[in-house]
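Structure, as structure tokens:
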Amino acid sequence: MKKIGFIGLGHMGQPMCLNLLKNKHQVKVYDLVTEAVDYLIDHGALKANDLADIVDDVDIVISMLPEGKHVSQVYLGEKGLLSVAKKPLFFADCSTIDVQTAQTIAQKAKSLGHQVVDAPVSGGVKGAENAVLTFMVGGALSDFEYIKPILAQMGKNIFHAGDNGMGQAVKICNNLMLAINMIGTSEAFALAEKLGLSKEKLFEVASTSSGQSWSLTSYCPVPGPLPASPANFGYKAGFTAQMMLKDLKLANTLSSEIQLPLGQKAMDLYESFCADNNAGLDFSGIYLKIAANKK
Ligand code: NAD
């Protein structure tokens, strides 16, 4: 049993915490949203009132926050984790953020005697609920070995990606592929409808053909073929369009050395989808935008 502090109890953080509790760890939780904290208290977690409270009497701190600016504030802010931690701790940030921020935090944390990894995830809310996430860990191999058994209680595939920041690098490349796949899958369904081909038939055939992808068979963007996908629930997130836009901005701004023509186009599409008041919808809702496009 470990004593774990967990910060960020949203779509992903909540089910990840529940799995740690299920595995009999002592979990102390913190979030700006009171209801998110209360829910986990009702499920056996302890409450932290602030960041100083989170680092008190724990071995490991895990964070699952929206963007780099939140992670930066939580770790490096005036009353952030690195200034309030009184003894060496193990920090694992599972948020998807830019490589530079992850490396800055790691450098500062290590200089203060802490261990630190970036450990972003793939697999979505369902993956978090079912403890089958993929973790992409950046940090020293010994730190990876230390945290692996804990991550394995929230996930199924736990990879060492390289030094600090390389977990984020893999994650950003992965989500670049995901966004492009999701848009491509949406275009195929929009075209099928115009051709008079049923979405069920396209799903059935493409699932076992070369068009197959996670976007199709685990997260199908049209209602019907895959009853559990967000498309069947009014595109309730899930992984929001805003989060996908954030990740595409990370991919496009990080790539000063190389042009990403489809990455750029995917970012433009998500930007305009979000601007149309859809930022909070699941990212697979991009189908609605594609299907509404007319020549
Ligand atoms: P979310 O917005 O649902 O949850 C984030 C939580 O962090 C919220 O509860 C918010 O109140 C809390 N928070 C924000 N600032 C805080 C602060 N300063 N102190 C304490 N709490 C704070 O986001 P999510 O969907 O759970 O995603 C979290 C991260 O995981 C993101 O970086 C996202 O890109 C990544 N991710 C999400 C999914 C997904 O399917 N949702 C999948 C893979 C990766």
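The values are calculated or read from the model by the stated rules, or taken from the named source; none is laboratory data. Everything quoted here is computed from the prediction, not taken from an experiment. Cβ: placed from backbone, ideal geometry, glycine included. Neighbour counts: every protein chain shown.
Scanning the stretch 1-44 for residues that are surrounded by fewer than 21 Cβ atoms within 10 Å (Cβ to Cβ), within 13 Å of the ligand (Cβ to nearest atom) and either in a loop (DSSP other than H, G, I, E, B) or outside the structural domain of Pro66 (by TED's automatic domain parsing) (or both) turns up Gly10, His11, Leu32, Val33.
Is it the case that the stretch 135-147 has a residue that's in contact with a Cys (Cβ under 8 Å, 6 or more places away or on another chain) and assigned by TED's automatic domain parsing to the domain that holds Gly123? Looking for residues that are in contact with a Cys (Cβ under 8 Å, 6 or more places away or on another chain) and assigned by TED's automatic domain parsing to the domain that holds Gly123, one finds at least one in the stretch 135-147, hence yes. In the stretch 199-217, the residue that is surrounded by the fewest Cβ atoms within 10 Å (Cβ to Cβ) out of those that are in a loop (DSSP other than H, G, I, E, B) and in contact (Cβ under 8 Å) with a residue 12 or more places away in the chain is Gly211. Among the criteria (1) in contact with a strand residue (DSSP E or B) (Cβ under 8 Å, 6 or more places away or on another chain); (2) surrounded by fewer than 17 Cβ atoms within 10 Å (Cβ to Cβ), the one Val74 does not fulfil is (2). Figure legend. Inter-residue proximity from the stretch 272-287: first residues not assigned by TED's automatic domain parsing to the domain that holds Leu248, second residues in a loop (DSSP other than H, G, I, E, B) and crowded, with 22+ Cβ neighbours inside 10 Å, beta-carbon distance below 8 Å, spacing 6+ or different chains. No pairs are indicated.
Checked against (1) part of a strand (DSSP E or B); (2) farther than 26 Å from Gly238 by Cβ, Ile62 meets all criteria but (2).
Of the candidates Leu197, Leu191, Leu176, the single residue that is aliphatic (A, V, I, L, M) and touching a helix residue (DSSP H, G or I) at 6+ places or on another chain (Cβ under 8 Å) is Leu176.
Here Ala92, Ala131, Ala169, Ala102 are screened, and the one residue that is in a loop (DSSP other than H, G, I, E, B), in contact (Cβ under 8 Å) with a residue 12 or more places away in the chain and within 15 Å of the ligand (Cβ to nearest atom) is Ala131.
This table checks each residue for (1) closer than 28 Å to Gln14 by Cβ; (2) out of contact with any Lys or Arg (no Cβ under 9 Å at 6 or more places or on another chain).
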residue	(1), (2)
Asn232	yes, yes
Met244	yes, yes
Leu248	yes, yes
Asn252	no, yes
Glu257	no, yes
Leu269	no, no
Cys274	yes, yes
Gly285	yes, yes
Asn293	no, yes
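Pairs are defined by a Cβ separation below 8 Å, a sequence spacing of at least 6 or placement on different chains, a first member in the stretch 34-47 that is in contact (Cβ under 8 Å) with a residue 12 or more places away in the chain, and a second member that is in a loop (DSSP other than H, G, I, E, B) and within 11 Å of the ligand (Cβ to nearest atom); the pairs so defined are Ala36/Leu9; Ala36/Gly10; Val37/Leu9; Val37/Asp31; Tyr39/Leu9; Leu40/Leu9. Exactly one residue out of Lys126, Lys108, Lys86 is assigned to a helix (DSSP H, G or I), at negative phi, among the charged types (D, E, K, R) and touching a helix residue (DSSP H, G or I) at 6+ places or on another chain (Cβ under 8 Å): that is Lys108. Residues in the stretch 218-265 that are in a loop (DSSP other than H, G, I, E, B), more than 20 Å from Ala128 (Cβ to Cβ) and polar (S, T, N, Q): Ser255, Ser256, Gln259. For the stretch 61-88, residues that are closer than 20 Å to Gly167 by Cα and away from the ligand (no atom under 14 Å from the Cβ) total 0.
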